[in-house]
Amino acid sequence: MVQGSANLNTEINEKWLQEYVDNWVGFFKKQTVDGEVASYIPILAEADQEALGISIIGKNGVAIKSGNTEEKFTIQSISKVLTFIVACMERGLAYVLSRVDVEPTGEAFNSIMHLEITQPKKPFNPLVNSGALTVSSMLEGKTSDRKLEALFILLEKMIGYRPQINVETYESERDTSMRNRAIGYYLLEGDYLESDLGITLETYFKQCSIEITIDDLARIGLVLSNDGYDPDTNEEIIPRAISRLAKAMMLTCGMYNASGKFAAYVGIPAKSGVSGGILAVVPPRVRDEELPFLEGCGIGIYGPALDNQGNSIAGIKLLRHVANQWDLSLF
Ligand code: DON
C-alpha cells in the first residue's frame, strides 16, 4: 500500500521525505509494464523499459532523488522549452510570438493537421514540432552549431556544466525522421522558416539529442520556479517575462494531447520528452500548513516506458501522486 502523506511535523524531515519518495517510486515502477519505449527513433528502443527515477531540488536546499537517478538520456522535446526561451532572449518576445502562437493543439506532438486546415499556417505553439522547428529556424547563426551555442550557454548556467550531444541519437533521428521533414516543407510553404530547411532540421535533431540527467532537469525546473533567477546567487538567467511565458506554455501545451488532464489533475507546468524525461516546475506556494517545498522546487523524472500520448506512463503517475500528496498544484 503506498503510504499516504502523514501529517508532517513542523520540522519537515528530509529523511522522511526520502522514504516517502523511495516508496512511491517502488510502487509506480511496477506500472512501467503498461507503457512502451519509443522506437520510431530506432536507438530509443534500447532504453530500459522498467527504469523510473525522480529528482526533486528545492529552493530551500532540500534535494531528494530515488530510483534510476544516474541515467543519462536525451532531452528530446524538453529542449523545445529552452530553444523557445533562447529565441525570445535573442529576437524578443514580440517577434517570436509573431511567428508562433501560444495555443494548445490538442493533437499529437508531430501532428500536421493544423498546418493543413488553418490559415495562416502559423504554428499553434512552440512545444509541438511545427512550432519548435519554426523556433529552431529563427535562432541566431548560420550553422546548427552556431544556432545552438546560446542554448548550451544557458544550459551551463542552469546545470553547472556544458552537456554533450549524443551523436548516435542525433544520427538515428536524422536518418529516419520523415515526419519532421514533411512538417518542415509545410512551414517553408507558409514562409515560417527563417533558415534553410536542412540547417533547421540539423539544429532541431541536435537540440533533441542533448544528453542530461534528472538532476539537470530538476535544476532547470528550479530556475524556472524562481522566475528565471539563479536560486543560489539570485542572478537573472532568464528574463522574468520569458520565464513566465515558458511556464504558461508548459502548463497548457507541455504534455500535448494530455495537457488538459495534466493541468487539471497535477496542476504544475511540465514538459515531456519521448526518451522518457519530464521537466516539472513547482512555483512557491502559500498554504496554511507545513508542506514540502513551499518555497518552490524543480523536478526531473526519467521513465522511458511511454503512454499513447508519448509521455512517460509511470513518470506522470508518480508526478501526479507527489503533487497530490504534497499539494504542489498551482491552483
Ligand atoms: O521530433 C521528434 O519526434 C523527437 N525528436 C521529439 C519528440 C518528443 O520528445 C515528443 N515528446 N513526448
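Looking at (1) over 19 Å from residue 207 (Cα atoms); (2) surrounded by 24 or more Cβ atoms within 10 Å (Cβ to Cβ), can you tell me which one residue 279 breaks?
If we test residue 279 against (1) over 19 Å from residue 207 (Cα atoms); (2) surrounded by 24 or more Cβ atoms within 10 Å (Cβ to Cβ), just (1) comes out false.
Has segment 199-214 got at least one residue that is without any contact (Cβ under 8 Å) to a residue 40 or more places away in the chain and either more than 22 Å from the chain's Cα centre (by Cα) or within 16 Å of the ligand (Cβ to nearest atom) (or both)?
Yes; the residues of segment 199-214 include at least one that is without any contact (Cβ under 8 Å) to a residue 40 or more places away in the chain and either more than 22 Å from the chain's Cα centre (by Cα) or within 16 Å of the ligand (Cβ to nearest atom) (or both).
State all residues of segment 135-180 that are out of contact with any helix residue (DSSP H, G or I) (no Cβ under 6 Å at 6 or more places or on another chain), assigned to a loop (DSSP other than H, G, I, E, B) and buried (at least 20 other Cβ atoms within 10 Å of the Cβ); if no residue qualifies, say none.
166, 177
Note down all Cβ pairs under 6 Å where the first residue falls in segment 218-245 and is touching a residue at least 12 places away in the same chain (Cβ under 8 Å), the second is polar (S, T, N, Q), and they're at least six residues apart or on different chains.
Listed by first residue and then by second, the contacts come to 218/55; 224/243; 227/243; 228/243.
Looking only at segment 61-70, count every residue that is of a type outside the set (Ser, Thr, Tyr), surrounded by fewer than 17 Cβ atoms within 10 Å (Cβ to Cβ) and either closer than 15 Å to residue 29 by Cα or in contact with a Gly (Cβ under 9 Å, 6 or more places away or on another chain) (or both) and tell me the total.
Residues in segment 61-70 being of a type outside the set (Ser, Thr, Tyr), surrounded by fewer than 17 Cβ atoms within 10 Å (Cβ to Cβ) and either closer than 15 Å to residue 29 by Cα or in contact with a Gly (Cβ under 9 Å, 6 or more places away or on another chain) (or both): 1 in total.
I'm told residue 188 meets every condition in (1) under 21 Å from the mean Cα position of the chain (by Cα); (2) away from the ligand (no atom under 16 Å from the Cβ); (3) more than 16 Å from residue 279 (Cα to Cα) except one. Can you identify the failing condition by its number?
Residue 188 satisfies all of (1) under 21 Å from the mean Cα position of the chain (by Cα); (2) away from the ligand (no atom under 16 Å from the Cβ); (3) more than 16 Å from residue 279 (Cα to Cα) except (1).
With (1) farther than 19 Å from residue 278 by Cα; (2) at pLDDT below 95 as the list, and residue 108 as the residue in question, which single condition is left unmet?
Of everything listed in (1) farther than 19 Å from residue 278 by Cα; (2) at pLDDT below 95, residue 108 misses just condition (1).
Residue 252 - would you say it is polar (S, T, N, Q), farther than 30 Å from residue 62 by Cβ and surrounded by fewer than 22 Cβ atoms within 10 Å (Cβ to Cβ)?
No: the conditions fail for residue 252.
If we scan segment 194-205, do we find a residue that is under 27 Å from residue 53 (Cα atoms), in a helix (DSSP H, G or I), of a type in the set (Phe, Trp, Tyr) and modelled with pLDDT of 95 or more?
Yes, because at least one residue in segment 194-205 is under 27 Å from residue 53 (Cα atoms), in a helix (DSSP H, G or I), of a type in the set (Phe, Trp, Tyr) and modelled with pLDDT of 95 or more.
Please indicate, with yes or no, whether at least one residue in segment 286-293 is in contact with a helix residue (DSSP H, G or I) (Cβ under 7 Å, 6 or more places away or on another chain) and either under 17 Å from residue 64 (Cα atoms) or among the aliphatic types (A, V, I, L, M) (or both).
yes
Taking residue 85 as meeting all but one of (1) more than 12 Å from the ligand (Cβ to nearest atom); (2) part of a loop (DSSP other than H, G, I, E, B); (3) in contact with a helix residue (DSSP H, G or I) (Cβ under 6 Å, 6 or more places away or on another chain); (4) hydrophobic (A, V, I, L, M, F, W, C), write down the number of the exception.
In the conditions (1) more than 12 Å from the ligand (Cβ to nearest atom); (2) part of a loop (DSSP other than H, G, I, E, B); (3) in contact with a helix residue (DSSP H, G or I) (Cβ under 6 Å, 6 or more places away or on another chain); (4) hydrophobic (A, V, I, L, M, F, W, C), residue 85 misses (2) alone.
Among the listed residues 227, 232, 215, identify the single one that is under 27 Å from residue 50 (Cβ atoms) and either acidic (Asp, Glu) or surrounded by fewer than 16 Cβ atoms within 10 Å (Cβ to Cβ) (or both).
Every option except 215 fails the conditions.
The values are calculated or read from the model by the stated rules, or taken from the named source; none is laboratory data. Bear in mind the structure is a predicted one, so any value in this text is a computation, not a measurement. Please note: Cβ atoms are built from the backbone with ideal geometry, for glycine as well, and neighbour counts cover all protein chains shown.
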